[in-house]
Amino acid sequence: MNITIADDYQDCVRHLRCFNTLAGHSVQVFNDSAKDLTELAARFGTAEALVLTRERTVVSADLIKRLPRLRLICQTGKIDGHVDVEACTEHGIAVADGQGSGAAAAELTWALMLASRRHLVAEVNRLRDGLWQGHLGQQLRGQRLGVWGYGRIGRQVATYGRAFGMDVWIWGREGSASRARADGFAVAPSREEFLAGSDIVTLHVRLTPETRGLVALADLIRMQPTALLVNTSRAELIQPDALERALCQGRPGFAAVDVYESEPVLGARHPLLKLANALCTPHIGFVEKDNYEAYYGAAFDTIARYAAGHPLDLVNPQVRNREKPLRV
C-alpha cells in the first residue's frame, strides 16, 4: 500500500520500533504541517492509507473529494472533530482511531506545575547568564489543587496531587464528581468557589461543541493573584483572548500552557509568549517515546490488518458496504 504519515514534526516516526510493521509498503512522511487545501490534496494524492498525528491536520469533506485513492485513515488517538467521518463513509474510506494511556500528558501537567511554582526556566536562564538566585519559589505541598474534569488524565493528576501532599478537589460534570467521590476526593461546592479557592487550577476537559469556550474571562478573574492556571488539554476550552487579558489583570497571577488555538506556533507569534507570567511549551503533552510507540503502533497494526484483509474495529463500521477494493 501507499502510506502517508502527516505532521511528524521531529522526524521521529521512522525511528520507532513499530515502524518495522510497515516493511514492504511504500511510506511517505511529512515533517511539517500544511493547511492549504490544494497543498494537502497534492501531499496526500497517492495515499491509500493516511496516518494522522492527533489533530494536527483537518481532513474535511472537500479534501476527501480530492483523494480518490484513499481507502483508510488511521488516527493516532481519538477522532476529535477534525476528520469528517460522514464524508469518509460516503467515499468508501474506513476510519480507525486509537487510545493512549494519558500518562505522558499527566506527567507534563505536573512538570509545568513544578516548573512554574519554582520559576525553573527563569532560574536556569539566570544561571546561564552568569547570575545567581532571582526568585522565591513555592512548594506544592499544602496548596489546594483544583482539577477541572476527572477523566483519564484528570484522575492521574489528582492522584499526583495527593501524593505531593496537596489539598485536592474536583470540579466538572456529575460523572466527574461521582468518580472523584468514589476515589475519596472532595468535590467543590460550586464553580465559583472552585476557582476562587484553588491555588492551582488544571484543565482536563475534552473539547466538544458544548465545552468550547467553557472558561470565560469572568471565571479567570475569580482566581487569586497568586494562583496558577494550567492547560494541557485544549486551548479552545478558554474563550478567545480571555487568558491573556486575565493574566494582564493579574488574576490569575500565572499560567502554564501547552496548547494553542492554531498550531504549530512559529516565529513566537502568540500573545502568551510575550507575557512574563506565562510558561509556554509547544504541545508536547503526548509527545513522548512510549506514547508514540503505542499510538503509531496501533495505527500501523491497523494498516497491516487492513492490507491482509482482516476485519477492523472502525469509527464508521457502516463503510464496509461501500469500501473501495484494495489494489494488490
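Structure notes:
- Cβ separations smaller than 7 Å between residues 6+ apart or across chains give the following pairs from region 59-84 residues that are on the phi > 0 side of the Ramachandran plot to residues that are basic (Lys, Arg) and outside any strand (DSSP E or B): GLY77/ARG54.
- Comparison of GLY134, GLY142 shows that the only residue that is in a loop (DSSP other than H, G, I, E, B) and farther than 21 Å from PRO252 by Cβ is GLY134.
- Of the strands (runs of 3 or more DSSP E) lying entirely inside region 1-103, those containing at least 1 residues that are closer than 23 Å to VAL319 by Cβ span 2-5, 49-53, 72-76, 94-96.
- Test for ARG128: is it of a type in the set (D, E, K, R), without any contact (Cβ under 8 Å) to a residue 12 or more places away in the chain and within 30 Å of ASN277 (Cβ to Cβ): yes
- When LEU136, LEU108 are checked against the criterion of being out of contact with any Lys or Arg (no Cβ under 8 Å at 6 or more places or on another chain), surrounded by fewer than 19 Cβ atoms within 10 Å (Cβ to Cβ) and closer than 30 Å to PRO225 by Cβ, LEU136 stands alone in meeting it.
- Some residue of region 303-311 being farther than 23 Å from VAL124 by Cβ and touching a Phe, Trp or Tyr at 6+ places or on another chain (Cβ under 8 Å): no
Every read-out reported here was derived from the displayed coordinates using simple, explicitly stated rules and does not represent laboratory data. Everything numeric in this text was worked out from a predicted model, so none of it was measured. We place every Cβ from the backbone using ideal geometry, glycine too, and count neighbours over all the protein chains shown.
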